[in-house]
Structure formats: structure tokens, C-alpha cells
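The values are calculated or read from the model by the stated rules, or taken from the named source; none is laboratory data. This structure is a prediction, so every number in the text was calculated from the model and none was measured. Note: ideal-geometry Cβ built from the backbone for every residue, glycine included; neighbour counts use all protein chains shown. In case anyone asks, the SASA skips ligands and DNA or RNA and just uses the protein heavy atoms, side chains included. Shrake-Rupley method; radii C 1.70, N 1.55, O 1.52, S 1.80 Å.
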Amino acid sequence: MSDHNQVKMTSMHYEKDRPAAENPLKVEDLTFRDGHQSLFATRGRTEDMIPVAEMMDEVGFWAMEVWGGATFDTMHRFLNEDPWERIRTLKRYIKKTPFSMLLRGQNLVGYRNYADDVAKAFVERAIANGMDIFRTFDALNDYRNFETVVPVIKEAGRHFQGCICYSLTEPRLGGDVYNLEYYVNKAKDLEAMGADSICLKDMAGLIAPYDAYTIIKALKAAVKPPIHLHSHFTSGMSAMSQLKAIEAGVDIVDTCMSPYAYRTSHPAIEPLVMTLLGTNRDTGFDIRHLAAINEILEKEVMPKYKHLLDDSKMSIIDINVLLHQTPGGMLSNLVNQLKQMDALDKLEEVYRELPRVRKELGQVPLVTPTSQIVGIQTVNNVLFDTPEERYKMITDQVKDLCYGLYGKTAIPIDPEVQKKALKGYPRGEEPITCRPAEVLEPELEKAKEEIGDLAVDMDDLLIYALYPVTGKKFLKWKYGKEEPPKEVRPITLEEVKAREEMVKKALAGELVEKPKKEAPPKSENARTFNVFVDGEYFEVGVDEVGGSPVIGALPQMPVMPAVPAPPVKAPAAAPPAETPRPAAPPADAGKPEAQAPEKGAAPAEGTPLVAPMPGMIVSYKKEVGDSVAEGETVVILEAMKMENALPAPVSGTIKSINFNSGDSVAKNDVLCVIG
Ligand code: CO
């Protein structure tokens with residue numbers, strides 16, 4: 001038995017001035033990034049971090065993760081916040097604790113590999129704006145995708161934390177691909193690249209406690225840099241895994257403040273502080289100080305976010321993760337996607353198809369963006385494949401993966417699938433084996449030409465280069481060229497209170513306040529009718545005012561709907577682009593959008609191209625009047641963070657185009673008509 005769990009001190013107290021431990025556990029706080037990304041679809045606003053920022057700085061965290069991952073996307077797209085500004089603002093309040101960001105290697109904070117010039121400029125600007133630690137990962141664990149960003153980090157004297165994405169093909173550690181040897185070799189690769197620390201990144205909460213012990217022990221023996229464990233709570237194992245990792249000698253672990261902890265997020269800090277209090281791994285944190293931070297978060301911040309929490313189930317863990325070895329976020333995305341396509345009954349089929357697709361696509365780890373790539377392709381296969389033909393609708397991202405544009409997969413991609421995916425692929429039908437970014441042309445100059453004066457500095461330009469459609473929209477809001485829509489505005493505590501009052505009233509059936517009238521006395525002629533409304537039964541007394549009613553045969557009571565049906569809209573003949581629509585949620589939004597009514601039947605003189613799923617129009621590849629051949633790409637539709645090239649259903653001429661780039665569309669919306 002190890003002596004880690006022996007309490008060493010006789011006098012223990014909560015306060016920070018207790019005697020320091022021999023080897024205190026270091027803790028990175030994730031509240032301001034992974035915490036709200038995991039629980040609240042990354043909707044955390046800077047203004048809601050400020051009330052506790054200075055107090056958080058006093059805790060003694062090894063680092064605070066405040067940026068990267070999905071924050072960059074969500075901030076400019078949904079919050080009308082300049083992502084760069086967040087780092088600078090928080091730096092004014094958090095002066096001692098180093099800042100950490102999640103960097104998706106050559107994917108930066110997006111969902112594809114960017115060209116080297118963009119990658120370099122992005123990391124340079126992150127450093128200039130105040131970033132200290134770069135937690136860098138690649139979805140395929142292909143470290144050639146680190147080769148551009150790492151020298152920029154190292155040359156600036158910043159901390160390069162190399163990640164190994166934790167993945168499984170079996171229920172527990174082992175098998176031919178993701179076994180102990182795999183992880184030890186990856187750690188050695190990172191050490192050779194100059195990693196200042198090495199993070200085992202368990203994004204799906206898959207790591208079982210004894211496997212955590214085994215791996216951390218092995219990594220500590222094999223490499224010198226400090227070892228960091230990042231493990232999501234999703235499956236319910238991570239607090240146990242953390243403790244076993246601590247016993248195995250892990251240097252740093254990740255936690256969140258308790259209101260941002262558990263569920264798909266991370267274990268909370270407070271129980272960990274108590275667990276280690278007085279031991280040789282004592283964090284030294286003041287638990288009363290943590291409690292004071294929590295009180296502010298609970299009172300001033302959480303009310304604004306509670307409605308985003310997925311509380312559809314009692315359980316705060318997802319045992320599907322244990323059953324399918326798949327990230328919880330990915331599973332809920334699949335469920336949402338199927339729901340939106342009215343195909344929730346296909347879920348079991350999707351679960352069955354998923355391991356098959358994953359294996360065919362090279363047994364990739366499942367993490368953004370590969371989790372989306374595999375997930376959406378699986379859904380496409382289940383919905384669109386026929387017994388004669390698999391992979392009928394291949395996403396552009398799968399094509400890119402097959403080409404080698406994301407990097408090297410853990411095992412080779414199924415040659416048949418690869419061949420089919422690369423048929424007519426614009427970069428060539430022969431896959432590459434070099435570092436992916438080597439085939440990418442520089443992007444910054446082109447981006448600069450496109451966006452022109454709207455991008456005032458490099459930070460603006462990078463927003464556009466990373467997110468051309470939503471980035472451009474954001475820059476228009478930022479510089480007052482366009483009014484930002486209502487839904488990107490922050491919500492105040494007063495508004496929250498008003499909303500809660502409304503909900504209370506609605507639940508009490510008082511939303512429509514009925515004027516209270518004295519009932520007149522019932523005459524002897526009053527007749528009673530049984531009325532059924534939507535399955536509910538009412539007894540209605542009818543008494544004619546001023547005389548007795550003459551009722552012969554009782555008329556057939558039509559069953560009225562409780563809510564009048566909306567007027568049926570005429571089929572949209574004019575472009576409906578001006579119809580305001582809520583923006584499509586990102587894959588991690590967690591809340592399916594209400595299905596919009598179908599956008600009318602196709603005009604008589606043509607074949608419509610309809611949206612097979614809800615999403616956002618990226619671009620039209622054709623204009624009105626252009627001729628197209630059947631199967632040729634007409635529209636690029638972004639759905640669940642993936643771009644889908646939609647082919648022309650028939651050959652002909654483009655008669656009408658119904659949307660613009662950036663518009664959100666519902667399933668079955670007519671995107672264009674070919675005649
Ligand atoms: Co995470």
C-alpha cells in the first residue's frame with residue numbers, strides 16, 4: 001500500500017497557512033473554458049467570469065484554462081464577443097495564475113487543418129494577447145500537426161503541453177491499437193518534441209481508475225516532463241481515476257469549481273482538497289475560500305445559465321459512454337441530429353454502425369473534429385445507404401480524412417471506402433502521406449483580400465480566416481456595419497427573474513389571466529354538454545340569455561385543438577432569405593431547435609434541391625442561370641459543424657436560389673430549384 005493516503009500532520013485546518021505538503025498536487029482549473037463548454041454549450045460570457053476572477057487568482061491553481069477549444073467559435077458566433085478581448089480582459093483581473101488554452105494543433109480553434117501561415121499567426125497573436133500555456137492536441141495523435149505551432153510557442157518561451165488523446169477500442173485499456181505501449185510511445189514522441197508537460201487527455205471520460213494507475217505509472221517511468229491528467233466526468237469514473245492517478249504519481253490534474261463540475265464536465269475541486277488534506281499531496285488550497293467563490297457563482301452567475309443545462313434525465317452520468325466507448329457529447333449530438341431528421345428510431349442502428357465506420361475510417365480517436373466526422377458519416381450511412389450501396393453520401397470532411405488532410409490514422413483506412421471517397425476529389429484521387437499542412441496553400445493573403453478594410457488588425461483577420469462566414473458577420477457587428485440580432489445579447493439577472501416568474505405562472509395555469517366575473521344564476525333551461533379538448537374533458541353548461549334554447553338533435557361537437565393552428569403559409573415563391581431565423585446551434589448546443597415549417601412545395605417548373613438536414617448555408621457553388629450536371633455540387637451546407645456538399649438531383653439550369661451564405665435552413669427547405 002502506498003503511503004500517499006496517510007495523513008502526515010497532526011494539526012489540520014482549512015486555511016492556506018497549514019504546513020506545505022512534500023509533493024503538493026498541482027491543479028488546473030477549467031471553469032472558464034471546459035467547464036462551461038461541457039455544461040452550457042460554451043455560452044459563458046466574459047462579464048460572468050469577472051465577479052470571481054480575482055478570487056480565483058488567489059486559490060493557488062497551477063493554471064487556469066480560459067480560452068481555446070470551442071470558445072473562439074461560440075464567442076464570435078453566438079455571444080457577439082471578440083474572442084481576443086477575453087484574454088486581455090481576464091488578464092487584468094487574474095495576474096498571478098498562468099493562462100492555459102486548448103489548441104487543436106494545426107486545427108487551431110477550428111475544425112480543419114489551417115495553412116501554416118494562419119497557424120503561425122494565430123499562435124503569435126495568442127501569445128501577444130496573454131496566453132501562457134498551450135495545451136496542444138491532435139485528434140489523430142499525429143504530432144506532425146504540431147510541427148508548425150510548437151516552435152512558435154517554444155521560441156516565445158511559453159509552455160508547450162503535449163496531449164495524448166485517450167481512446168479505446170475495447171471496454172478497457174488494451175487491444176491492438178490503444179494499448180499501454182501506444183501511450184508510452186506517444187509520450188516519448190512528445191518528450192522528444194520538447195514538451196514542457198504531457199497531458200493524458202481523456203475527453204470522453206473513458207479512463208477507468210486502475211487503467212489510469214497503470215498508464216500514469218508507466219508514463220512517469222518512461223519520460224521526464226510532468227504528467228497531467230484531463231478526464232471528463234461523463235461516465236462517472238473520473239474522480240476515482242483521478243485518485244488512482246494521484247497514487248501513481250500524477251503531477252497535475254484538472255478540476256472545476258463545483259457549480260461547473262460533474263455531468264459531462266470534470267470532478268470538482270472541493271472534495272479533492274478535502275481528500276488530500278494533510279497528506280503528502282495536499283493541494284494547500286483554502287476550502288473556505290473556494291466556498292466563497294461558489295457562493296458568488298451560484299447567486300450571480302448560475303441563474304443565467306441554468307436553462308442551458310440538460311436536465312432531461314435524473315442521472316448526472318451517461319452509462320452509454322461505458323457501453324459504447326464514445327464521448328458523451330458525440331452521443332448527444334447523434335441523438336439531436338436524428339431527432340432533427342425525425343429518425344430517432346434509427347438510434348440503435350447508429351450505435352451498431354458507429355464502430356464499423358470508425359474502423360473503416362482508420363480507428364481514429366473520437367474527439368473534435370474526428371468525433372463529428374465519424375458521427376455524421378455514421379448517421380448519413382444509416383439514413384441514406386441502400387442494401388446495394390454503402391457510403392452513399394460522403395461528407396467533405398470524410399473525403400479530406402481519406403486524402404490524408406487530417407493526418408495519419410491509427411490503422412490504415414479501408415481501401416474501398418478510401419477509393420470511393422476520393423473519386424473526383426479536387427486535390428487528387430491519390431492520398432498523401434506527408435504532413436498535411438504541406439499541401440495547403442497559404443491562406444492569409446487571400447483572406448485579407450476578401451475581407452478588406454473590415455479587418456482592422458491581425459486579430460480581426462484571423463477571426464475571418466478561421467471562420468469566413470460567421471467571422472465576417474461578427475466583424476460587421478463589431479464595427480457597427482450591421483445591427484447584431486437580439487439573440488446574441490447578454491441576459492441580465494432581472495430578465496432571468498422575469499422569465500422564472502413567467503414559468504411559474506405558466507405552470508400554475510395563470511399565464512392567461514382571466515378576468516374574474518360573477519357567475520349569473522343558472523336557469524332551469526340550462527343544458528350540460530360534455531366537451532373533449534385534446535383528450536381533456538370539460539363539462540360545459542349552456543344557458544341562453546333571455547330565453548330557452550331550442551335544441552333538436554344534438555350537433556356533432558367538433559374536437560377543437562387546444563391551440564389554434566398557425567395559418568398555413570403559401571409556398572414560398574420569393575427568396576425567403578429575409579425571413580429571420582435563429583442561428584443553427586453548433587453540435588454541442590445540446591438543445592434541438594424547433595422544427596420550422598416546411599418551406600413550401602417546389603414550384604411547378606423544376607426540381608427542388610432540399611436541405612437533407614438543418615444547418616447553415618456556407619456557399620452556393622452555382623448562380624441562377626448556371627447549368628449543372630446531375631451529381632455536381634450546388635450548395636455547401638454546414639450541419640453539426642461538418643460541411644456537406646449537396647449534389648444536384650438532376651441536370652438542368654439553376655432557376656432560383658432561395659438563401660444566402662450564412663442563412664440557417666431547416667430540414668426540407670428548398671435551397672434552389674433546377675429546371
Ligand atoms: Co475536455
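Any idea how many residues of the range 332-349 are open to solvent by less than 20 Å² (accessible area, probe 1.4 Å) and in a loop (DSSP other than H, G, I, E, B)?
Result for the range 332-349: 2.
Please specify each residue of the range 98-112 satisfying the condition of being open to solvent by less than 10 Å² (accessible area, probe 1.4 Å) and away from the ligand (no atom under 16 Å from the Cβ).
PHE99, GLN106, LEU108, GLY110
Just to be sure I understand, how many residues within the range 197-211 are assigned to a loop (DSSP other than H, G, I, E, B) and away from the ligand (no atom under 16 Å from the Cβ)?
1
Return the residues of the range 604-625 that are closer than 20 Å to VAL469 by Cβ and open to solvent by 20 Å² or more (accessible area, probe 1.4 Å); say none if nothing qualifies.
Of the residues in the range 604-625, the ones closer than 20 Å to VAL469 by Cβ are 609, 611-623.
Listed by number, the residues that qualify are PRO612, PRO614, VAL618, SER619, TYR620, LYS621, LYS622, GLU623.
Please go through the range 297-354 and give me each residue that is among the small types (Gly, Ala, Ser) and closer than 19 Å to THR234 by Cβ, ordered by number.
SER312, SER315, GLY328, GLY329, SER332
Look at ALA222 and say whether it is more than 16 Å from the ligand (Cβ to nearest atom), in contact (Cβ under 8 Å) with a residue 12 or more places away in the chain and surrounded by fewer than 24 Cβ atoms within 10 Å (Cβ to Cβ).
In short, yes.
Checking SER167 against (1) away from the ligand (no atom under 16 Å from the Cβ); (2) open to solvent by less than 20 Å² (accessible area, probe 1.4 Å): exactly one of these is not met. Which one?
In the conditions (1) away from the ligand (no atom under 16 Å from the Cβ); (2) open to solvent by less than 20 Å² (accessible area, probe 1.4 Å), SER167 misses (1) alone.
Within the range 31-38, is there a residue that is within 14 Å of the ligand (Cβ to nearest atom), open to solvent by less than 10 Å² (accessible area, probe 1.4 Å), assigned to a helix (DSSP H, G or I) and among the polar types (S, T, N, Q)?
Yes, the conditions are met somewhere in the range 31-38.
Have a look at ILE227, ILE246 and point out the one that is open to solvent by less than 10 Å² (accessible area, probe 1.4 Å) and within 11 Å of LEU25 (Cβ to Cβ).
ILE246
A quick yes/no check of all residues on (1) more than 20 Å from HIS228 (Cα to Cα); (2) under 18 Å from the mean Cα position of the chain (by Cα); (3) not assigned by TED's automatic domain parsing to the domain that holds GLN161:
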| position | (1), (2), (3) |
| --- | --- |
| ASP251 | no, no, no |
| ASP254 | no, no, no |
| TYR262 | no, yes, no |
| HIS266 | no, yes, no |
| GLY284 | no, no, no |
| LYS299 | yes, no, no |
| GLY328 | yes, yes, yes |
| GLN337 | yes, yes, yes |
| GLN340 | yes, yes, yes |
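Residues checked against (1) in a loop (DSSP other than H, G, I, E, B); (2) at pLDDT 95 or above:
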position	(1), (2)
LYS419	no, yes
LYS423	yes, yes
GLU438	no, yes
PRO442	yes, yes
LYS446	no, yes
ASP459	no, yes
LYS473	no, yes
ILE491	yes, no
ALA498	no, no
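Scanning for something polar (S, T, N, Q) and open to solvent by less than 60 Å² (accessible area, probe 1.4 Å), does the range 417-430 turn up at least one residue?
Yes.
Results for (1) open to solvent by less than 30 Å² (accessible area, probe 1.4 Å); (2) away from the ligand (no atom under 16 Å from the Cβ), shown as yes or no for each residue.
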position: PRO259; (1), (2): yes, yes
position: SER265; (1), (2): yes, no
position: GLU270; (1), (2): yes, yes
position: THR275; (1), (2): no, yes
position: ARG281; (1), (2): yes, yes
position: GLY284; (1), (2): yes, yes
position: ARG288; (1), (2): no, yes
position: LYS299; (1), (2): no, yes
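Mind telling me which of the residues ASP453, ASP460 ends up being free of Cβ contacts under 8 Å to residues at least 24 places away in the same chain, surrounded by fewer than 14 Cβ atoms within 10 Å (Cβ to Cβ) and outside the structural domain of GLY328 (by TED's automatic domain parsing)? Full working, then the answer.
Details: ASP460 fails: surrounded by fewer than 14 Cβ atoms within 10 Å (Cβ to Cβ).
Among ASP453, ASP460, only ASP453 is free of Cβ contacts under 8 Å to residues at least 24 places away in the same chain, surrounded by fewer than 14 Cβ atoms within 10 Å (Cβ to Cβ) and outside the structural domain of GLY328 (by TED's automatic domain parsing).
So, VAL469, is that one over 28 Å from the mean Cα position of the chain (by Cα) and either at pLDDT below 95 or open to solvent by 20 Å² or more (accessible area, probe 1.4 Å) (or both) or not?
Details: over 28 Å from the mean Cα position of the chain (by Cα): no; either at pLDDT below 95 or open to solvent by 20 Å² or more (accessible area, probe 1.4 Å) (or both): yes.
The answer is no for VAL469.
Might you check whether a residue that is farther than 21 Å from ILE133 by Cβ and either more than 16 Å from the ligand (Cβ to nearest atom) or part of a helix (DSSP H, G or I) (or both) occurs anywhere in the range 56-73?
For the range 56-73, residues farther than 21 Å from ILE133 by Cβ and either more than 16 Å from the ligand (Cβ to nearest atom) or part of a helix (DSSP H, G or I) (or both): absent.
Just to be sure before I move on: is VAL634 surrounded by 23 or more Cβ atoms within 10 Å (Cβ to Cβ), in contact with a Lys or Arg (Cβ under 8 Å, 6 or more places away or on another chain), in contact (Cβ under 8 Å) with a residue 12 or more places away in the chain and not acidic (Asp, Glu) in the structure I sent? If you could, list the steps in order and put the result at the bottom.
Details: surrounded by 23 or more Cβ atoms within 10 Å (Cβ to Cβ): no; in contact with a Lys or Arg (Cβ under 8 Å, 6 or more places away or on another chain): yes; in contact (Cβ under 8 Å) with a residue 12 or more places away in the chain: yes; not acidic (Asp, Glu): yes.
Here the answer is no, as VAL634 does not meet what is asked.
Among the residues of the range 230-243, write down those that are buried (at least 24 other Cβ atoms within 10 Å of the Cβ) and away from the ligand (no atom under 16 Å from the Cβ).
none
Any chance you could count how many residues in the range 313-333 are closer than 19 Å to VAL364 by Cβ and at pLDDT 85 or above?
Residues that pass the stated criteria total 1.
When both residues are 6+ apart or on different chains and their Cβ atoms are under 9 Å apart, which pairs have a first residue that lies in the range 420-434 and is free of Cβ contacts under 8 Å to residues at least 60 places away in the same chain, and a second that is β-branched (Val, Ile, Thr)?
Short answer, once both residue conditions are applied: LYS420/ILE394; ALA421/ILE394; ALA421/VAL398; ALA421/ILE413; ARG427/VAL439; PRO431/ILE413; ILE432/VAL439.
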